[in-house]
Amino acid sequence: MKRIGILTHYYQSKNIGGLLQAYALCAFLRKHETAAEQIAFRFRPYSPQAHETYRRLFPQRKTLKKFVRYLPYRLKQIFLRWRNRQIAPQVAAQNSIFAKFEQFIPHSTGVYTEQTIRQANACYDVFITGSDQVFASYLLPFSAYYGEFAAPDKKVLAYAASSDMKQFPPQAKTFFAQKIMRIDALSVREKTLKAYIERISDKKVTLVLDPTFLLTPEEWLQIANPAAVPPKPYILCYFLGEKSRWQRQKARAFADTYGYELVHLPYIMGAIRPADELLGGRGLYTVGPREFIALVQQAQCIFTDSFHGMAFALNFGKNFYVFDRDDASGAGSMNARITDTLDMLGLSQRRITDPNAVLDNTPLDFSSPQRLLQEQKQLSQKWLMSAL
């Protein structure tokens, strides 16, 4: 069997979507007679070496004006850290659930670092970087995500890689263009990233679906844990944005109008988000990836600013509304993958950007979107297996 090592945001992750996509890629590849597993990779984003490389690639002038603008943000963070001490027991319970799911995913026995990752050549025949934002700006100093550690006879693929930037400044652009040259077959999630890479390099880039779309709804339900599902009809709110206030108010109004209980996930990634206080309803903090699957599948409607919140609503054919996270939009924002997917499926009307929009409870007709999604799913699977 072909031994495949995957590098993504897996190790000690507290992100529901990040862990679900890590599980999905392993599960799909293992169905096709490969020994695929996640590589437990620990990196130090704030190490002196990484910080120095980042400063060189992204030079920023420190001015008094910038400091004055930044000061309120820093004071707010200090206040929130103080508040977060109050939820230590809930966060500990949440972290325990995430740690169990991390072990649930096939993974390497050892934990690698930037200094030891070359040792993985003895364990794998092929390396895959992705999915998720493995091409994020803050990860540029870490060559492991670009497969530079791989021996010359090892194949390196990028599956559904993503970035947090529309384009890099000149120094970082040159650095990035050099990094991706080691990747033998390259696929991404966003149209804008595909166009950018093809503009700055001679790499051929393919657009593919996120790994969470590669599994069937039935396969997802096999690992779902319905323990957290409330007995009464509910809407599920899965907001990651810190400033998305009117979006939460729309969800609250929808629940009140149609008589649904409102269920949300507070303390996502271990912190209080003041905007969540606008939701009221039932907050569930003992929810990890498996519970999240069941909550989406049983919900009457999903309100989210998360790509994976939208992805699982699509997987299960559920009514949903998706919002720009913190009102950011456009090709350069992290919302680009949401708009690209909605455009592809003819569901752009489910992205709500107007605070005055009227949201109804009419069920969506998923016949056309599901057909289009199935076509893209087959193309993505074909590209991946061909690249391997």
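Points to keep in mind about this one:
- Among the residues making up the stretch 319-333, those that are surrounded by fewer than 21 Cβ atoms within 10 Å (Cβ to Cβ) and either at pLDDT below 90 or closer than 18 Å to Phe366 by Cβ (or both) are Asn319, Asp326, Asp327, Ala328, Ser329, Gly330, Ala331, Gly332, Ser333.
- Lone qualifier among Ile117, Ile128 - being at pLDDT 95 or above, farther than 20 Å from Leu25 by Cα and assigned by TED's automatic domain parsing to the domain that holds Gly18: Ile117
- Search result, residues across the stretch 198-211 that are over 13 Å from Thr341 (Cα atoms) and crowded, with 23+ Cβ neighbours inside 10 Å: Pro211
- Single residue of the stretch 3-17 satisfying the filter (within 20 Å of Leu157 (Cβ to Cβ) and in contact with a helix residue (DSSP H, G or I) (Cβ under 9 Å, 6 or more places away or on another chain)) that is surrounded by the fewest Cβ atoms within 10 Å (Cβ to Cβ): Tyr11
- Residues that are under 12 Å from Gly280 (Cβ atoms), surrounded by 18 or more Cβ atoms within 10 Å (Cβ to Cβ) and of a type in the set (A, V, I, L, M) within the stretch 236-269 comprise Ala251, Ala255, Leu262, Val263, listed in sequence order.
- Any hit, the stretch 354-361, residues being under 14 Å from Leu209 (Cα atoms), out of contact with any strand residue (DSSP E or B) (no Cβ under 6 Å at 6 or more places or on another chain) and of a type in the set (D, E, K, R): no
- If the condition is being closer than 29 Å to Ala313 by Cα and of a type in the set (S, T, N, Q), then the stretch 35-55 contributes only Gln38.
- Within the stretch 279-300, being among the hydrophobic types (A, V, I, L, M, F, W, C) and surrounded by fewer than 20 Cβ atoms within 10 Å (Cβ to Cβ) holds for Leu284, Ala294.
- The helices (runs of 4 or more DSSP H) falling completely within the stretch 185-267 that include 2 or more residues that are closer than 30 Å to Leu379 by Cα map to 191-200, 217-221.
- In the stretch 83-113, residue surrounded by the fewest Cβ atoms within 10 Å (Cβ to Cβ) [restricted to those that are within 23 Å of Tyr145 (Cβ to Cβ) and β-branched (Val, Ile, Thr)]: Thr109
- Residue in the stretch 378-387 that is surrounded by fewer than 23 Cβ atoms within 10 Å (Cβ to Cβ), aromatic (Phe, Trp, Tyr) and over 30 Å from Ala185 (Cα atoms) present: no
The values are calculated or read from the model by the stated rules, or taken from the named source; none is laboratory data. Fair warning: this is a prediction, and the values are worked out from it, not measured in the lab. Reconstructed Cβ throughout: ideal geometry from the backbone, glycine too, with neighbour counts over all protein chains shown.
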